[in-house]
Structure formats: structure tokens, C-alpha cells
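Heads up, the thing below is written out as C-alpha cells.
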Amino acid sequence: MRKALRALLTLLVLIGTVSVGSASAGAATAAGTDVRDRILAIPGMSLIEEKPVEGYRFFVLGYRQPVDHRKPWEGTFQQRLTVLHRGEDRPTVFYTSGYGLNTNPARSEPTRMTDGNQVSMEYRFFTPSRPQPADWSKLDIWQAASDQHRIFRALHRIYDEEWISTGGSKGGMTATYYRRFYPRDMDGTVAYVAPNDVNNQEDSAYDEFFATVSTAECRDRLNTVQREVFVRRDEIVARYEAWAKREGYTFETVGSADKAFENVGLDLVWAWWQYGSESDCGEVPPATATTDELYAFVDEVAGFSFYTDQGLEYYTPYYYQAGTQLGAPEFATPHLDGLLRYPGIYDPRSYVPRSIPMSFDRKAMRDIDKWVRTDAERMLFVYGENDPWGAEPFRLGRGSEDSHVFTAPGANHGANIAQLEEDDRAVATGALMRWAGLDAGASAKRKAAPLAPYDAKLDRADKADRRMLRP
């Protein structure tokens with residue numbers, strides 16, 4: 001159907017071209033065929049910048065969106081997006097990190113695998129894509145899905161081949177929520193390392209993860225150094241405060257350097273597994289390490305700057321959503337008994353300015369989970385075996401059709417299709433290619449190799465989604 005509509009559109013363009021004089025015909029042809037002109041002809045679309053990239057056209061764009069999709073007449077804001085244009089005869093991948101926007105050319109794994117176009121969207125309320133004044137009640141998963149829906153409908157006039165939505169971490173969650181509210185827009189979805197916190201009050205899965213991940217030796221080494229960090233709390237906090245004063249960092253949101261330290265310290269083991277590797281356990285310092293060594297280790301793994309006002313500011317939209325709809329994990333730390341001073345501080349409410357009201361909606365994630373189990377079609381979920389966020393994954397049910405959940409052995413929060421075991425990788429690749437309207441059989445013969453060769457400039461991991469609740 002899409003190809004038929006595209007053929008009809010081409011025919012209409014040709015008819016229009018020959019029906020006017022030769023001078024105006026040339027102008028009409030240029031306007032009708034240049035992708036930049038066609039994109040900018042979309043109502044509400046504006047060009048911020050076009051950047052050169054070999055083999056593509058790359059546009060940084062602004063798109064006028066309603067602040068409230070239920071009441072579009074009440075105001076608009078400018079939302080940023082990018083288009084990495086490969087060709088109108090190629091499939092299109094709709095990517096979002098669920099955070100801000102990378103304004104440099106880059107490809108997600110599905111984009112490279114399909115050799116397709118890529119549309120990337122900045123999530124609402126991440127600056128500068130924030131309404132002014134900011135009505136935070138308009139930051140929810142339905143409003144964000146509606147942003148994607150309008151962008152898809154606008155660009156589908158140009159890119160009318162198959163579309164695949166994707167993202168990692170919060171981006172994977174975003175891709176899933178989009179499909180739940182607008183299930184007919186996309187031909188398929190690849191959601192990487194997407195947590196599914198159905199019941200925000202029941203987080204025993206995280207305790208089980210930390211009790212079983214990797215080896216007992218590695219777990220004990222991490223727990224021991226984490227405890228030692230808290231034992232030397234006063235000395236480390238003094239250094240932390242001196243550094244913050246010297247660099248101009250403040251702690252008004254969390255309350256003090258000591259409270260910020262408690263959050264950083266609690267992040268330590270989680271952060272290690274989220275982006276670390278079991279093979280690096282030998283590099284974890286022992287309890288006998290100097291305070292300088294401990295301080296450097298904590299800063300490298302968890303980051304002392306993050307819980308400052310300046311570090312938290314960018315992530316305010318994420319923490320707002322974690323505390324109103326998405327949920328946030330809690331986990332037991334019996335090895336830190338007697339060392340923690342602020343019960344309940346490890347919570348999204350602690351990281352959002354008090355001037356922004358928050359109220360948790362317990363039904364939001366339950367609705368998403370139910371839809372995935374009963375109505376999801378053409379969904380692929382990829383998790384990492386050693387990623388704590390995978391402790392509460394999406395699961396399929398009897399109503400899920402043509403969908404898959406795979407786990408990459410030994411992988412962390414950067415897990416992808418390429419890291420899956422061979423049989424799983426073949427199934428995942430075949431499904432993606434089929435959903436994208438490509439020859440899945442040909443890809444299987446090539447051992448699931450991407451259609452586009454690796455490009456060091458385009459295929460670097462996107463750092464925008466590296467910070468969920470932790471590094």
C-alpha cells in the first residue's frame with residue numbers, strides 16, 4: 001500500500017510538472033525532488049542546520065508541537081529532531097534516547113542493519129524542547145507518544161516505506177509506549193535494555209539480581225569497597241565539598257554535599273554492573289586502598305558531579321517521569337547497615353526541585369505491561385545478562401504476536417543484537433529485516449551482517465541514554 005501511494009504521489013508530481021511553463025516547471029521539479037525542500041514544506045517544520053555527511057543528507061530541524069495534544073489550541077513549543085536521509089526507497093528507523101538530542105550524524109543498530117534513513121526525536125521537556133512556561137503535568141508518556149505520532153505522520157509523506165521504532169534504556173521504554181498508544185504507526189519495534197517496572201512497590205527482582213550476578217568473589221569485592229567508601233564518609237565528603245566549592249557546584253536540590261554523597265555511594269555497585277564487565281572485577285580496589293584511590297574509583301564509576309544541582313538539572317524531566325509514571329528501583333544493602341543517614345533519599349523526588357509537584361500514577365506501567373502481553377505485535381526486546389535494569393524486563397504473553405525477548409550473555413546496559421548468541425541473532429535479524437520490508441533470507445545467508453558497513457563516525461554509541469537513575 002505504501003509503495004502504491006508513493007507511485008501515485010510521483011505520478012501527480014509529474015503531471016503537475018508538465019502542466020506549467022518551462023521556467024516554472026524547472027522550479028517545481030527542484031522543489032518536488034530535493035528532500036530538503038520537501039521536508040521544509042511540511043507545516044510547522046523549520047531548518048536549524050544541515051550538516052555534511054558522506055553518503056547521506058543530515059538535517060537538524062525544529063517542529064512545532066502542541067504543548068497538550070488533547071488541547072492543541074492552547075499553545076505550542078518547538079521540538080528538535082534530526083533526519084539522516086539515505087533514500088526515499090529505504091526503510092526509516094525512528095530513534096529516540098528518551099532524553100535530549102544528538103545533533104551530530106549517528107546511526108542506531110537497526111539503521112545500520114537495514115541501511116535505512118533515521119529520524120531522531122528529542123524527548124519533550126529536555127531543553128531546548130521545553131514549553132515556556134513549563135507545565136510539568138504535560139510531561140507524560142501519552143503526550144510524548146503523541147509527539148512521535150505527529151512527526152511520523154508529517155514525515156511519512158516523504159518516507160513511505162516501512163518504519164521501525166527503536167531506542168535503548170529510556171529510549172527502549174519510549175519506543176514501547178509509542179507502540180502501545182499508536183500501534184499502527186510502526187511496522188516493528190526494537191527496544192533495547194528497556195526496564196518494565198510494573199509495580200513500583202515490589203522490587204525484589206533487583207535484590208535477586210545483585211545476589212546472583214557474576215561470581216560470589218566479584219560481588220563480595222564490590223560490596224566490600226562500597227562499604228569502605230561509607231566507612232570513610234567524613235573524609236570523602238570533606239574532599240567532595242572542597243571540590244564543589246572550587247568548581248562552583250551546589251547542592252540545593254538534594255540538600256547538602258553529605259546527602260549527595262549518600263546517593264553517589266549507593267550508585268556505586270549498580271553503576272559498576274550497568275556499564276562494567278565481569279572481566280574487570282580484578283581492577284576494583286580493595287578495602288585497604290588509600291582514600292585517594294577510593295575517591296577516584298567512585299568518581300570514575302558513579303561520578304561525584306551528578307548529584308550536584310548542575311549535574312541533575314539536565315535530567316529533571318527523567319526524574320519527574322520516574323516519580324510520576326515510570327517507577328524507580330529500590331534494593332537492599334545489608335552490607336551498609338549502620339552507615340546510611342538518610343532513609344528514603346534514594347528516590348526520584350529527591351532529584352526534582354520542590355517547586356515542581358509530583359504524584360505517582362500506579363496504573364500507567366500496568367497498562368503498558370498488559371498491552372505488551374495481550375496485544376503487542378512485531379516487538380523485539382534485547383537485554384544484557386549482567387545489566388541490573390534487565391531484572392524487571394518486558395515479558396510476552398499469549399496475545400503477543402510475532403514478538404521476541406532475547407538476552408545477550410555477559411552483556412551490560414549496552415546490549416544489542418550483535419551480542420546475541422548466533423541462533424537468537426539470526427532470529428532477531430530475520431524479524432527486523434522482514435518488518436523493514438527487506439529480504440530476511442538474504443541477510444541470513446550473510447550471517448546476519450548489517451547491510452551498511454561499519455562507519456566509526458556514524459556508529460559510535462549514543463551517550464545520551466547512559467544515565468537512567470544511575471550512570
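The values are calculated or read from the model by the stated rules, or taken from the named source; none is laboratory data. Just so we're clear, the structure is a prediction, and the values are computed from it rather than from any experiment. Cβ coordinates were reconstructed from backbone atoms using ideal geometry, including for glycine residues, and neighbour counts include every protein chain displayed. Ligands, DNA and RNA are excluded from the accessible area calculation, which covers all protein heavy atoms including side chains. Shrake-Rupley method; radii C 1.70, N 1.55, O 1.52, S 1.80 Å.
Okay, here's what the table says:
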read-out: Sum of side-chain charges, Asp455 neighbourhood, beta-carbon under 12 Å (Lys, Arg +1; Asp, Glu -1); value: +1
read-out: Packing rank of 361-372, 307-318, where each peptide gets the mean count of other beta carbons within 10 Å, highest leading; value: 307-318, 361-372
read-out: Shape call, the range 161-223: gyration tensor on alpha carbons, a/c limit 1.5; value: prolate
read-out: Positive minus negative residues near Leu294 (Lys, Arg vs Asp, Glu; Cβ under 12 Å); value: -2
read-out: Kirkwood-based shape ratio for the range 209-252, expressed as Rg/Rh from alpha carbons; value: 1.22
read-out: From the C-alpha gyration tensor of the range 292-411, square roots of 5λ in Å; value: 32, 21, 14
read-out: Per-bin percent of Cα-Cα distances, the range 355-401 [5 Å]; value: 5, 18, 19, 19, 17, 11, 6, 3, 1
read-out: For the range 316-430, with +1 on Lys and Arg beta carbons and -1 on Asp and Glu, the positive-most of Ala411, Val427, Ala364 along the dipole; value: Ala364
read-out: Alpha carbon Rg of the range 92-193, scaled by the compact-globule rule 2.2 N^0.38 Å; value: 1.02
read-out: Cβ crowding within 10 Å averaged over residues, with 330-336, 287-293, 155-161 ranked highest first; value: 155-161, 330-336, 287-293
read-out: Accessible surface, the range 193-334, averaged per residue in Å² (probe 1.4 Å); value: 41
read-out: Val405 long-range amide H proximity, modeled H, under 5 Å; value: Phe381
read-out: Cut-off under 5 Å, modelled amide H: who pairs with Phe77 long-range; value: Gln65, Val67
read-out: Directionally averaged shadow of the range 178-330, computed from the convex hull of its alpha-carbon atoms, nm²; value: 11.4
read-out: log₁₀ of I(q)/I(0) at q = 0.16, 0.17, 0.22 Å⁻¹ - the range 35-106, Debye sum with one point per alpha carbon; value: -0.64, -0.72, -1.09
read-out: Solvent-accessible area, 1.4 Å probe, carbon plus sulfur percent, for the chain; value: 50
read-out: Long-range lysine pairs (8 or more apart or interchain), the chain, Cα under 16 Å; value: 4
read-out: Built amide H within the under 5 Å cut-off of Val93, gap 5+; value: Asn117, Gln118, Val119, Ile164
read-out: Positive-pole candidate from Ser279, Tyr295, Ala260, dipole of the range 254-300, charges at beta carbon; value: Ala260
read-out: Calculated on alpha-carbon atoms, Rg and Dmax of the chain in Å; value: 23.8, 85
read-out: Net charge over other residues, Cβ less than 12 angstrom from the Cβ of Pro128 (K, R count +1; D, E count -1); value: +2
read-out: Inter-centroid distance (Cα atoms) of the range 253-280 relative to the range 99-177, Å; value: 29
read-out: Computed over the chain: relative contact order in percent, which uses C-alpha pairs under 8 Å that are six or more apart; value: 17
read-out: Hull shadow area, averaged, the range 279-349 [alpha-carbon convex hull, nm²]; value: 6.8
read-out: Residue-averaged 222 nm ellipticity for the chain, from DSSP H runs of 4+ at -39500 (n - 2.57), nearest 500; value: -11500 deg cm²/dmol
read-out: Dipole magnitude (debye, nearest 20) for the chain, charges at Cβ of Lys, Arg, Asp, Glu; value: 1860
